[in-house]
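Structure record follows, encoded as structure tokens.
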Amino acid sequence: MKEKILKITEGFSKAMVQPLMYLAIVGLITTFGVLIVNPTISNFIPFLKAAPFQMLGNILYSSMMFIIENLGIIFAIGIASAYAKKDKHRAALISLMIYFTYLKSMNTMLSMMGKLVDPQNLMGSGQALVLGVQVLDTGVFIGILIGCLVGFVYNRTCDKEFKGAMQMYSGTKFTLVTLIPIAIFLGVGLTFVWPSIQGVISKTTGFISDSGALGMFTYGFLDRILVPTGLHHLVYTPLLFSDLGGVVEVGGKIYAGAMPIAMMEMNNPEITKFSTSIIYQATSISKMFGLVGASLAMYHCAKPENKQKVKSILLPATITSVLVGITEPLEFAFLFAAPILLVVHALLTGLALAVLYILDVTSIAGGGIINVIIMNLAAGVDKTNWPIFFAVGIAQLGLYYALFRVLINKLNLKTPGREDKKESKEEKLNQVDNDIDVSYIVDGLGGIDNIVNVDNCFTRLRVEIKDESLIKDDLINKVENSGIVKKGKNIQIIFGLQVSSVRQLVDKYLQTIKAS
């Protein structure tokens, strides 16, 4: 039972990552649009005041915000296609149609019951306009639910075959037939159920808000301590993209979740202070500062003869963490060899968020350090209190360095460069030819017949297998990676930013073997 629950949770986390991977790009382009129209920036760069540039900035901002304002449908399509084991594009199309069916079913039910409020008074009513259809405001929840339902039903019905007159309803068409009544049931049923759920969400939001620094500490701690499981996405997603991260109304539009609120406030000159919810994005403070201290500590604690090789491992991983916000290549350099350092890492991340909350620091903290510097300078000190953010970051860097160095030396932790073996794992990996031979990965996973499904997230190759006893770490490790996570029949191999390329090579290799 435990393994089954873990498999379901792991599958859900993996599916959630698929749409989230693209939202990072959306956020970056939104930021670019904001910078173009920002008065502070245009005063330094006068040509940006020209009409064509202002038009470009507004178009970029508005078009990207439309994506952020409609995350429900993004999650519905993204999760369904992630769950689908074959013909993912068909699952995505079906999910889109089911989402439309749900919207109109709820809208029609509310209309028949006379419960549609005046569109001018949506704020506080529990209703919202979604793609022009007025429904109960379920945020991203319904998109996630529909995506999961479509994925579940699709995998069990897409190969269904009928004969005779019913043949036209075979395959994925049968999937659609099966899901339409489910979508209608959801639309009608939630009309009665969701108001009570909204009450619970409101109380939960209040609890998180009332918890103050303690709530921020817990959030930061969980976000990092769950990294080895890959389930940390389940911690930040509700707060960044749902009512749990806050709700505000501006110009007749309702924004729910820390990320949409932050994006809106960046481009609103009437905002004099960013909302506290922006701190939910501030876990990146550890990515830009804390882990730099951890990396320095591991380098200084390495044996003298290994320092150059350790530097070649830690430096690229640290740069990736600081500039891009991808931390796993660096975190996996110590979490297996010294799990206690992961606990310290999580505690210090939580502590940093609590301190930012106490000091009322509402700095823009999403993305890499270059984005953070530019955006905070443009927003100004009054809105963000950004000097305190960087002061806390520098203090965190020193604290990481001191604690990591003391623990590594006192406990003789086997971080990179301190291994007892003459030839460490990292050294062996550095000897592998740069051309990736994915046959080692496939053979190490027990062969093609042992592989059920291959997927990936930001940094991990995620593979579902039949028999975990067939796994051969030594073969997998012939291809450079940062670690292997085993959770029953779900295997994760950490490749960092090159994971998409590795996944494509694995897919191509598997297809070639199957065709031969």
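The values are calculated or read from the model by the stated rules, or taken from the named source; none is laboratory data. A quick note: this is a predicted structure, and the numbers were derived from the prediction, not measured. Cβ: placed from backbone, ideal geometry, glycine included. Neighbour counts: every protein chain shown. Side chains included, ligands, DNA and RNA excluded: accessible areas come from the protein's heavy atoms. Shrake-Rupley method; radii C 1.70, N 1.55, O 1.52, S 1.80 Å.
Remarks
- Tally, over the stretch 105-134, of residues that are surrounded by 15 or more Cβ atoms within 10 Å (Cβ to Cβ), assigned to a helix (DSSP H, G or I) and of a type outside the set (S, T, N, Q): 3
- Criterion violated by ALA91 - all others in (1) open to solvent by 10 Å² or more (accessible area, probe 1.4 Å); (2) farther than 14 Å from ALA183 by Cβ; (3) in contact with a helix residue (DSSP H, G or I) (Cβ under 8 Å, 6 or more places away or on another chain) satisfied: (1)
- With respect to the conditions (1) under 31 Å from the mean Cα position of the chain (by Cα); (2) open to solvent by less than 50 Å² (accessible area, probe 1.4 Å); (3) at pLDDT 90 or above, GLY57 lacks only one, and its number is (3).
- LYS14, sole failed condition from (1) in a helix (DSSP H, G or I); (2) modelled with pLDDT of 80 or more; (3) farther than 26 Å from ILE364 by Cβ: (2)
- Neighbours by Cβ (under 9 Å, 6+ apart or cross-chain): first from the stretch 270-294, in contact (Cβ under 8 Å) with a residue 60 or more places away in the chain and surrounded by 23 or more Cβ atoms within 10 Å (Cβ to Cβ); second assigned to a loop (DSSP other than H, G, I, E, B) and among the aromatic types (Phe, Trp, Tyr): ALA294/PHE334
- Residue check for GLY151: of a type in the set (Gly, Ala, Ser) and under 15 Å from ILE79 (Cβ atoms): yes
- The test for being of a type in the set (Ser, Thr, Tyr) and in contact with a Gly (Cβ under 8 Å, 6 or more places away or on another chain) holds for TYR83.
- Index of the failed condition, CYS457 passing every other in (1) modelled with pLDDT of 85 or more; (2) open to solvent by less than 70 Å² (accessible area, probe 1.4 Å): (1)
- Exactly one residue out of ILE476, ILE441, ILE408 is in contact with a Ser or Thr (Cβ under 8 Å, 6 or more places away or on another chain), open to solvent by less than 70 Å² (accessible area, probe 1.4 Å) and at pLDDT 85 or above: that is ILE408.
- Members of the stretch 135-152 that are open to solvent by 20 Å² or more (accessible area, probe 1.4 Å) and over 21 Å from the mean Cα position of the chain (by Cα): ASP137, PHE152
- Being at pLDDT 85 or above and within 20 Å of LEU497 (Cβ to Cβ) is a property that LYS311 has.
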